[in-house]
1. Checking the conditions here, which among GLY10, GLY47 is assigned to a helix (DSSP H, G or I), on the phi < 0 side of the Ramachandran plot and not hydrophobic (A, V, I, L, M, F, W, C)?
2. Give me the pairs, please: first residue somewhere in region 95-116 and under 19 Å from ALA82 (Cα atoms), second residue anywhere and aromatic (Phe, Trp, Tyr) and outside any loop (DSSP other than H, G, I, E, B), beta-carbon distance under 8 Å, and either six or more positions apart or on two chains.
3. For region 86-121: of the residues being of a type in the set (D, E, K, R) and surrounded by 13 or more Cβ atoms within 10 Å (Cβ to Cβ), which is nearest to SER50 (Cα to Cα)?
4. Quick one: which of LEU71, LEU66, LEU76 is more than 28 Å from VAL3 (Cα to Cα), under 10 Å from the mean Cα position of the chain (by Cα) and surrounded by 14 or more Cβ atoms within 10 Å (Cβ to Cβ)?
5. Just give me the residues in region 41-63 being farther than 20 Å from ALA115 by Cα and surrounded by fewer than 18 Cβ atoms within 10 Å (Cβ to Cβ), in sequence order.
6. Which residues, taken from region 56-107, are under 21 Å from PRO46 (Cα atoms), of a type in the set (Asp, Glu) and assigned to a loop (DSSP other than H, G, I, E, B)?
7. Sort out which residues of region 15-33 are loosely packed, with under 10 Cβ neighbours inside 10 Å and under 18 Å from the mean Cα position of the chain (by Cα), and write them in order of number.
8. Only one of these is hydrophobic (A, V, I, L, M, F, W, C) and modelled with pLDDT of 90 or more: LEU8, LEU96. Name it.
Amino acid sequence: MAVRRKWLVGLALGAVAAAVLFFRDPHIPGRYGYCPFHVLTGLYCPGCGSTRALNDLLHLRPARALHENALLVFTLPFLLIALGRAFYRDWLDPSLPRLQLRPYIGWVYLALVAAFLLARNLPWTPFTMLAP
């Protein structure tokens, strides 16, 4: 029963966060604060633009979300599938084994995040579109 309570609390908090993000536009500078990495270095971190991208996805603007943070847009489906599978296991089929990821997947994703960080800060024309 405790597992189901955690899911209900998590779903309720997620719904509240989505509602706030839907109705409070993050495209206005400073509305949700500023990225400390960007303020200190002048560079875009891998997460810069994520709040705006989530807002755009909630408003069904995928192309604009892709411009804000492409890494988030491509990662989100995998996260939603993993959450959906965990939800199914916890609520409907406890015999379903837990999702086991190999350690190299984390390293590959970390390398992808580092490459995204580097690419979105390069001044060359093909990569400038990755900046939010």
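The values are calculated or read from the model by the stated rules, or taken from the named source; none is laboratory data. These numbers were taken from a predicted model, which means no experiment stands behind them. Virtual Cβ from ideal backbone geometry, glycine too; neighbours counted across all protein chains shown.
1. Answer to the selection: GLY10.
2. LEU96/TYR88
3. ARG120
4. Values: LEU66 fails: under 10 Å from the mean Cα position of the chain (by Cα); LEU76 fails: more than 28 Å from VAL3 (Cα to Cα).
Going through LEU71, LEU66, LEU76 in turn, the sole match is LEU71.
5. Here is the first cut: in region 41-63, the residues farther than 20 Å from ALA115 by Cα are 51-52, 54-63.
Those that are farther than 20 Å from ALA115 by Cα and surrounded by fewer than 18 Cβ atoms within 10 Å (Cβ to Cβ): LEU58, HIS59, LEU60, ARG61, PRO62, ALA63.
6. Of everything in region 56-107, nothing turns out to be under 21 Å from PRO46 (Cα atoms), of a type in the set (Asp, Glu) and assigned to a loop (DSSP other than H, G, I, E, B).
7. Taking region 15-33 as the starting set, the residues that turn out to be loosely packed, with under 10 Cβ neighbours inside 10 Å are 23, 28-30, 33.
Correct list: GLY33 only.
8. LEU8
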